[in-house]
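The values are calculated or read from the model by the stated rules, or taken from the named source; none is laboratory data. Just so it is clear, the structure is predicted and the values come from calculations on it, not from any experiment. Please note: Cβ atoms are built from the backbone with ideal geometry, for glycine as well, and neighbour counts cover all protein chains shown. Keep in mind that these areas ignore ligands, DNA and RNA; they rest on the heavy atoms of the full protein, side chains included. Shrake-Rupley method; radii C 1.70, N 1.55, O 1.52, S 1.80 Å.
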Amino acid sequence: MFKIEDQIKLIRKYLKLKIIEDDVKFRGHENERQHVYDLFMKSIEQGESHSALILGPRGCGKTTLINSVLQQVSNEVDMNNDVMIIKLNGLLHHDEKIALKSITAQMHLENVVGDRVFGTFAENLSFLLNCLMSGVDRKCRTMIFVLEEFDLFCHSGRTQTLLYNLFDITHNKQAPMCVLGLTNRLDVMELLEKRVKSRFSHRHIFIFPCESVLPLQNLRNVFVLCLCLPVFKEKIKPKRSRKSTASSDSESDTESKYSISNEVFQRCHIDSRQFLDLDPDVIRSWNAHIHSLLDEEKVMDYLEKFSYYIINEQIFRNILFQIVSKLSPKKPYIDPQDVITTIDKTVAPEHRVKLLQSLSILELSLVIAMMHGLEIFDGQPMNFEMILNRYTKFANENSSTQSVPRPVILKAFEHLQSLEIILPVRTESGNDTTTHRVQKEYKLYTLAIPTDDIKEAVKGFKALPTEIQHWVNNSVV
């Protein structure tokens, strides 16, 4: 007999691994995926050089597409001897010296470089390429460069030496190389220097979410794929009759659909054989439970609500991770209320509260002053001078409130405008009042956040002075 505690522990561990680490299964965008696959194979098999940009919003699957194609390529060619994959991230490697160190380390050439000193970045990179050449014909291994957060390599304050040299190699066909940049900025070409543009192939691959599948249907698919379990093969298989052949075929399909690839287990250093202890009957019961959750009307309502606010699949996976983490022997199945609560905390209302809690005390005080002013003037828009008058009155009556210079307060007010916490009042023609020739202190604004969210943010605001907490609930100031 299997202990329920052990079964729940294995289910929780397997699902967490699948939700967070399984980043090689790519769905949809077959044309774009084939395009990337063709670029890789042409570079590997025919020695061609290519460059391309993959553009799309965060969470649409750009990195997953690359990982999926690389996994397919690894099954078809000898990756250890024929291909070298080098991954750089704009958040970490925007400095060319740091990028060069990472490239050298990923090429395993630290000992070859040693204490050598190079005059330029191009000389250093050329030396690395020569080190990779082997054989009578001096043939170089194919290199695949994956540049994530590509737009951060194009920072205006730095020279784009790294991009120029990589694109120059692909342009002049010095070595078989494929350079792929991943970014969510559609205007990234405007950030490139003229010399970099001249070396780039101008090949763009666009990845937009849910092109062929409705957002709600896509969430349903992700929900099932992430939370359902494969029926693992028993250690000792009983003899099956011909009647059970159809059911065994369907189980094998389920296993391939919901299972984690061996590459993920190897990367995470986890022995996949431990999951053979999962009872097939428990797995079938679990999968039936997951499908039954989608029949719950409230669950579907909140999935639809999520699809309206957010299209980032990674955020939805984070929600599923939180839900799975709550599984325990006392709570062996997912409670529909957990799904509802977790989604409700993630979407817009909670986002507004977190935004308010990220403000400085001065900025939050201006929001509170405007909230009370709108109550007093029956929702009429206010300008900076009116808000400053209410804030100054409050500050003078509370000795603990530090005096702040007027320019600092005006700067905080402008920051609230940039965050769209306050919005300019629009005229009947559709233009806002800030476009007219009016001094910025006298332009009219209205509050874009409900009063309930402001009060909720104050409740959870850490280190907020007591006077401000009382001020929120007392408009007579």
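A quick yes/no check of all residues on (1) at pLDDT below 75; (2) closer than 27 Å to Val353 by Cα; (3) of a type in the set (S, T, N, Q); (4) not in a helix (DSSP H, G or I):
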residue	(1), (2), (3), (4)
Asn396	no, no, yes, no
Thr401	yes, yes, yes, yes
Ile409	no, yes, no, no
His415	no, yes, no, no
Glu420	no, yes, no, yes
Glu428	yes, no, no, yes
Val438	yes, no, no, yes
Thr446	no, yes, yes, yes
Asp452	no, yes, no, no
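When segment 158-204 is filtered for residues that are outside any loop (DSSP other than H, G, I, E, B) and of a type in the set (Gly, Ala, Ser), the ones remaining, listed by number, are Gly181, Ser198. For segment 371-382, the set of residues classified as open to solvent by less than 20 Å² (accessible area, probe 1.4 Å) and either at pLDDT 90 or above or in contact with a Ser or Thr (Cβ under 8 Å, 6 or more places away or on another chain) (or both) consists of Met371, His372, Met382, listed by residue number. When Ile270 is tested against the conditions (1) of a type outside the set (D, E, K, R); (2) modelled with pLDDT of 85 or more; (3) in a helix (DSSP H, G or I), the lone failure is (3).
For Ser261, the conditions (1) open to solvent by 60 Å² or more (accessible area, probe 1.4 Å); (2) modelled with pLDDT under 80; (3) not aromatic (Phe, Trp, Tyr) are fulfilled apart from (1). Being touching a residue at least 40 places away in the same chain (Cβ under 8 Å), within 11 Å of Ile454 (Cα to Cα) and out of contact with any Lys or Arg (no Cβ under 8 Å at 6 or more places or on another chain) is a property that Leu364 has.
Only a single item in (1) open to solvent by 30 Å² or more (accessible area, probe 1.4 Å); (2) farther than 24 Å from Val264 by Cβ; (3) out of contact with any Asp or Glu (no Cβ under 7 Å at 6 or more places or on another chain); (4) not β-branched (Val, Ile, Thr) is not met by Leu55, and it is number (1).
Yes/no per residue for (1) over 18 Å from Leu129 (Cα atoms); (2) of a type outside the set (S, T, N, Q); (3) buried (at least 21 other Cβ atoms within 10 Å of the Cβ):
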{"residue": "Leu162", "(1), (2), (3)": "no, yes, yes"}
{"residue": "Gln174", "(1), (2), (3)": "no, no, no"}
{"residue": "Cys178", "(1), (2), (3)": "no, yes, yes"}
{"residue": "Gly181", "(1), (2), (3)": "yes, yes, yes"}
{"residue": "Arg185", "(1), (2), (3)": "yes, yes, no"}
{"residue": "Arg203", "(1), (2), (3)": "yes, yes, no"}
{"residue": "Phe206", "(1), (2), (3)": "yes, yes, no"}
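Among the residues of segment 77-96, those identified as without any contact (Cβ under 8 Å) to a residue 24 or more places away in the chain and either more than 27 Å from the chain's Cα centre (by Cα) or assigned to a loop (DSSP other than H, G, I, E, B) (or both) are Asp78, Met79, Asn80. Can we say Ile66 is of a type in the set (Val, Ile, Thr), in a helix (DSSP H, G or I) and either farther than 25 Å from Phe167 by Cα or free of Cβ contacts under 8 Å to residues at least 24 places away in the same chain (or both)? It is false that Ile66 is of a type in the set (Val, Ile, Thr), in a helix (DSSP H, G or I) and either farther than 25 Å from Phe167 by Cα or free of Cβ contacts under 8 Å to residues at least 24 places away in the same chain (or both). Which of the residues belonging to segment 11-45 are of a type in the set (S, T, N, Q) and free of Cβ contacts under 8 Å to residues at least 40 places away in the same chain? Asn31, Gln34 - these are the residues of segment 11-45 that are of a type in the set (S, T, N, Q) and free of Cβ contacts under 8 Å to residues at least 40 places away in the same chain. Check segment 2-21 and report whether any residue there is surrounded by fewer than 18 Cβ atoms within 10 Å (Cβ to Cβ) and touching a Phe, Trp or Tyr at 6+ places or on another chain (Cβ under 7 Å). Yes, segment 2-21 contains at least one residue that is surrounded by fewer than 18 Cβ atoms within 10 Å (Cβ to Cβ) and touching a Phe, Trp or Tyr at 6+ places or on another chain (Cβ under 7 Å). Checking each residue in segment 342-370 for being open to solvent by 50 Å² or more (accessible area, probe 1.4 Å) and either under 19 Å from Phe316 (Cα atoms) or β-branched (Val, Ile, Thr) (or both) picks out Asp344, Lys345, Glu350, His351, Arg352, Lys354, Ile361.
Every condition in (1) out of contact with any His (no Cβ under 8 Å at 6 or more places or on another chain); (2) open to solvent by 10 Å² or more (accessible area, probe 1.4 Å); (3) touching a residue at least 60 places away in the same chain (Cβ under 8 Å) holds for Arg390 except the one numbered (1).
When segment 40-52 is limited to residues that are open to solvent by less than 10 Å² (accessible area, probe 1.4 Å) and hydrophobic (A, V, I, L, M, F, W, C), the one that is farthest from Tyr164 (Cα to Cα) turns out to be Phe40.
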